[in-house]
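*Asks:* Mind looking over this structure? Questions follow.
The values are calculated or read from the model by the stated rules, or taken from the named source; none is laboratory data. Note that the structure is predicted; figures quoted are calculated from it, not measured. Ideal geometry is used to build each Cβ from the backbone, glycine not excepted, and the neighbour counts take in all protein chains shown. For the accessible areas, the whole protein counts, side chains as well, though only heavy atoms, and no ligand, DNA or RNA atoms are used. Shrake-Rupley method; radii C 1.70, N 1.55, O 1.52, S 1.80 Å.
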Amino acid sequence: MKTIKRILAISLVVLLAFSCNKDKSTTQKKNGSSSDTPESSKSNAEFSEKSTQEIYNSYLRIKDALVNSDTEVVQEESKKIAITVADLQGNEQLKATSKLISLTKDIEEQRGFFVTLTAEVEKVINDSEIKSGEIYKQFCPMAFDGAGGYWLSDSKEIRNPYFGKKMLKCGSVESVLN
């Protein structure tokens, strides 16, 4: 019985290792300690609308804060999104989600709400003109008990907001918005 448990445990570790390293285009920092993406590999997307730019910039700071498990920054930036979209019509779900994130200090709850935030921010981006730069839509197959989760990034390099340092590089680039 112990042998079967060991085999299952080893199989699970191998499966996780392979499923989370699908994107061969990602580069790893030599020390592996920071979750920050090097400036040289970032694509600074620029939008025609100021409100979209503000929403996207705050969204990126939320993503980075989730990677670093910094609940306070997540709350602060979520409040900024809520303020930015307060006067915009047709963004009720974005308003509600950013408000919910701003009210919780629990990192796992924030990560759960981030799925909806990502979908809503993507809608805003798709309704806007990207004047320059690229946005990378990334996916982690392991998030939410194997259901997976998407996020948007300004870099091809994977920095997983759903697991933070536990599985920092789990994911792949699914598409590029430009």
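*Asks:* For the stretch 131-167, how many residues meet the condition of being part of a loop (DSSP other than H, G, I, E, B) and crowded, with 19+ Cβ neighbours inside 10 Å?
*Replies:* Residues that pass the stated criteria total 11.
*Asks:* Can you tell me how many residues in the stretch 20-47 are part of a helix (DSSP H, G or I) and at pLDDT below 50?
*Replies:* Residues that pass the stated criteria total 1.
*Asks:* Listed residues 91, 57; which is under 14 Å from residue 125 (Cα atoms) and free of Cβ contacts under 8 Å to residues at least 24 places away in the same chain?
*Replies:* Only one candidate qualifies: 57.
*Asks:* Could you list, in sequence order, all residues of the stretch 118-165 that are in contact with a Cys (Cβ under 9 Å, 6 or more places away or on another chain) and among the polar types (S, T, N, Q)?
*Replies:* Result: 160, single match.
*Asks:* Suppose we filter the stretch 71-86 for residues that are open to solvent by less than 60 Å² (accessible area, probe 1.4 Å) and closer than 14 Å to residue 103 by Cα; how many remain?
*Replies:* 8
*Asks:* Taking into account only those residues within the stretch 48-80 that are assigned to a helix (DSSP H, G or I) and of a type in the set (Gly, Ala, Ser), which is farthest from residue 105 (Cα to Cα)?
*Replies:* Per the stated criteria, the residue is 51.
*Asks:* For residue 89, indicate whether it is surrounded by fewer than 17 Cβ atoms within 10 Å (Cβ to Cβ) and out of contact with any helix residue (DSSP H, G or I) (no Cβ under 9 Å at 6 or more places or on another chain).
*Replies:* Against the criterion (surrounded by fewer than 17 Cβ atoms within 10 Å (Cβ to Cβ) and out of contact with any helix residue (DSSP H, G or I) (no Cβ under 9 Å at 6 or more places or on another chain)), residue 89 qualifies.
*Asks:* Among what's in the stretch 128-178 and is out of contact with any strand residue (DSSP E or B) (no Cβ under 9 Å at 6 or more places or on another chain) and without any contact (Cβ under 8 Å) to a residue 24 or more places away in the chain, pick the residue that is farthest from residue 112 (Cα to Cα).
*Replies:* Once the filter is applied, the top-ranked residue is 166.
*Asks:* Now for a separate question. Give me a count of the residues in the stretch 101-123 that are open to solvent by 20 Å² or more (accessible area, probe 1.4 Å) and under 17 Å from the mean Cα position of the chain (by Cα).
*Replies:* Counting residues in the stretch 101-123 that are open to solvent by 20 Å² or more (accessible area, probe 1.4 Å) and under 17 Å from the mean Cα position of the chain (by Cα) gives 12.
*Asks:* While we're looking at this one, here's another question. Restricting attention to the stretch 168-178, and to residues there that are assigned to a strand (DSSP E or B) and open to solvent by 50 Å² or more (accessible area, probe 1.4 Å), which single residue is farthest from residue 142 (Cα to Cα)?
*Replies:* Residue satisfying both the conditions and the ranking: 176.
*Asks:* Mind checking which residues of the stretch 94-113 are among the polar types (S, T, N, Q) and closer than 12 Å to residue 81 by Cα?
*Replies:* The answer is 97, 98, 102.
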